[in-house]
Amino acid sequence: MNKYMLKKRIFAIVFMAAVFGFAAVNFYYSYEPLKECLNSDGASVSALDAAITENMHRKMDFIETYAYVQVLLDKRECNNFSYIKDEEGFLHYASFFREEDTRLFEYSLRIKRLQDYVAQSGTKVLFVVPPGKYNKKYTKLRTGMPVNDPGYIVDEMMFYLNRLGVETLDLGEYIPNEEISYEDTFFKTDHHWTIPAAFCATKEIVNKFKESFDEDLDPDGYYMNIDNYDMVTYKSGMLGSMGRKTGVNFCEIEDFTALWPHFEGQFTRECMMESGRTAHYDGGFTQTLMDTKVLTDKTDIYSDSQYSLYLNGLRVYESIVNEENPEGCSIFMIRDSYFSPVMAFMMPMCGRIDAIWSLEETRELDIETYLKENTFDYVIIEVYPYNINSSAFNFFKEETNTDNKPAGGIE
């Protein structure tokens, strides 16, 4: 065997050993998640692939190396145009082509059917859309950057719902405003709004309740007065979901501002995780509605973000009772993670708030069944603009027999 072929074979052996060795290490680190995935009812090829990918050994080192190369190349896109960065450093979803959703009127009909059903027991319905992060007025992009803009989808949904007689609130028309700038409304590394922006949104919802439903949730103006909260900024501790996908080298670690109430109150909270495990909390605002560990125990910037401070970011099911105001109005929310801080800020003004994640896929929960078995004063349906699709409206897909009236009370 000549030296040339010997070198080729040695390289092939070393290369294959490295590949299979790295595969073995990854299998070791992803064994438990894979085992849990295989034992679950929803095991699929995509779920198994996600379990392996998310638990890859030193995954973030590879992402950060890739991000550093992108920065050296002075690029504004990352991960094959999954994300793009504007000239102010804000990350946005990218999209070269987005197939038109022709079922927006059908989604609106589902909301109308829900409204008609719960109206039999006097329940009122409000559809809420948070502001999209991309805003033509404030966002500056390099020429040719294919930003994903869902604005036309929101406009069409609102048009249909208004024609059908459903009360709507497009928060994009109110936020940002003179009180809060665009830079203070959104995180650079996350798709969520900031906590101060969520507080401003809560005030708009309270105003909407008063104007459209003649319901004054805060007659003394106490809970919606920012002076009754301490605004505390935590330096360099926030890395959102977008930042975890692109790497810190591509964006930056940013500050996080929290609102700490001067009051506490007394609440009882039951919640369910995606795994089906439940948790129970009793106590004041900070003990039951806030997870302070994300601020005090954070050691890995790539773990869950500080946005999870309120209601743990997102639980598939929540049932919270205000023990100091049991006769206050009851609200059922079909929502996503945008409404976690909003729910926390609304809770002192209400008697009870139940909520189900609009994209939930657990067998234990069904939105339509829950509304047929329980009665509330109000139903709020909140959908983030990028989540307006069939999965967000898994209820009242067919006409409901109006003789089958809702139950008389909350269980």
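For the chain, relative contact order (Cα pairs under 8 Å, six or more residues apart, normalised by length) works out to 17 percent.
Counting protein heavy atoms only, the stretch 135-248 has 43 percent of its accessible area on carbon and sulfur, 1.4 angstrom probe.
Counting only heavy atoms of protein chains, what accessible area per residue, in Å², does the stretch 322-372 have with a probe of 1.4 Å? Walk me through the intermediate numbers first.
Numbers: 1610 Å² over 51 residues.
Ligands and nucleic acids excluded, the figure is 32 Å² per residue.
Within the stretch 124-194, the trypsin sites (Lys or Arg not before Pro) that combine a DSSP coil assignment with at most 13 other C-beta atoms in a 10 angstrom radius are Lys136, Lys137, Lys140, Arg142.
Anyone know which of Trp193, Trp260, Trp357 comes out most mobile in the 10 Å Cα GNM of the chain? Highest fluctuation of the listed residues: Trp260. The aspartates and glutamates whose alpha-carbon is closer than 15 Å to the alpha-carbon of Lys293, local same-chain residues fewer than 8 away aside, are Asp304. Phi angles across the stretch 187-204 convert, under the Karplus curve 6.51 cos²θ - 1.76 cosθ + 1.60 with θ = phi - 60°, into 3J(HN,Hα) values of 6, 6, 9, 9, 7, 7, 7, 7, 5, x, 5, 5, 5, 4, 5, 4, 4, 5 Hz, Gly and Pro given as x.
Shown here for the stretch 200-246: chymotrypsin sites (Phe, Trp or Tyr not before Pro) in loop regions (DSSP other than H, G, I, E, B) with at most 16 other Cβ atoms within 10 Å, namely Tyr222. For Rg and Dmax of the Cα atoms in Å, several values are listed as (i) 25.1, 89; (ii) 23.8, 91; (iii) 22.0, 69; flag the one computed from this structure. Recomputing Rg and Dmax of the Cα atoms in Å here picks out (ii). Surface analysis of the stretch 53-167 yields an accessible area of 53 Å² per residue, using protein heavy atoms and a 1.4 Å probe.
Comparing Ala355, Gly165, Phe11 along the charge dipole axis of the chain, the residue lying farthest to the positive side is Phe11, per the Cβ-charge model. Within the accessible surface of the stretch 46-108, defined with a 1.4 Å probe on protein heavy atoms only, the carbon and sulfur portion equals 54 percent.
Around the Cα centre of the chain, unit charges on the Cβ atoms of Lys, Arg, Asp and Glu (plus for the first two, minus for the last two) sum to a dipole of about 2440 debye. Only the Cβ atoms of Lys and Arg (+1) and of Asp and Glu (-1) were treated as charged; on that basis the dipole of the stretch 341-391 about its Cα centre amounts to roughly 140 debye. Of the Cα atoms belonging to the stretch 1-126, the radius of gyration and Dmax stand at 24.9, 89 Å.
Computed log10 I(q)/I(0) for the stretch 96-237 at 0.11, 0.17 Å⁻¹: -0.55, -1.13, from the Debye equation with unit scatterers placed on every C-alpha and solvent omitted.
Separation of the stretch 363-392 from the stretch 88-143 is 15 Å, based on Cα centroids. Working from Cα pairs under 8 Å separated by at least six residues, relative contact order for the stretch 69-171 is 33 percent. Among the listed pairs Lys133/Lys188; Lys372/Lys397; Lys59/Lys133; Lys85/Lys188, those with a Cα-Cα distance over 19 Å are Lys59/Lys133.
In the chain, the DSSP beta bridges split such that about 65 percent are antiparallel, to the nearest 5.
Qualifying trypsin sites (Lys or Arg not before Pro) in the stretch 262-351, where qualification requires a DSSP coil assignment and no more than 13 other C-beta atoms within 10 Å, comprise Arg277.
The values are calculated or read from the model by the stated rules, or taken from the named source; none is laboratory data. What you are looking at is a predicted structure, and each value in this text was computed from that prediction instead of being measured. Note: ideal-geometry Cβ built from the backbone for every residue, glycine included; neighbour counts use all protein chains shown. Each accessible area value is taken on the protein alone, full model and side chains, heavy atoms only, with ligands, DNA and RNA left out. Shrake-Rupley method; radii C 1.70, N 1.55, O 1.52, S 1.80 Å.
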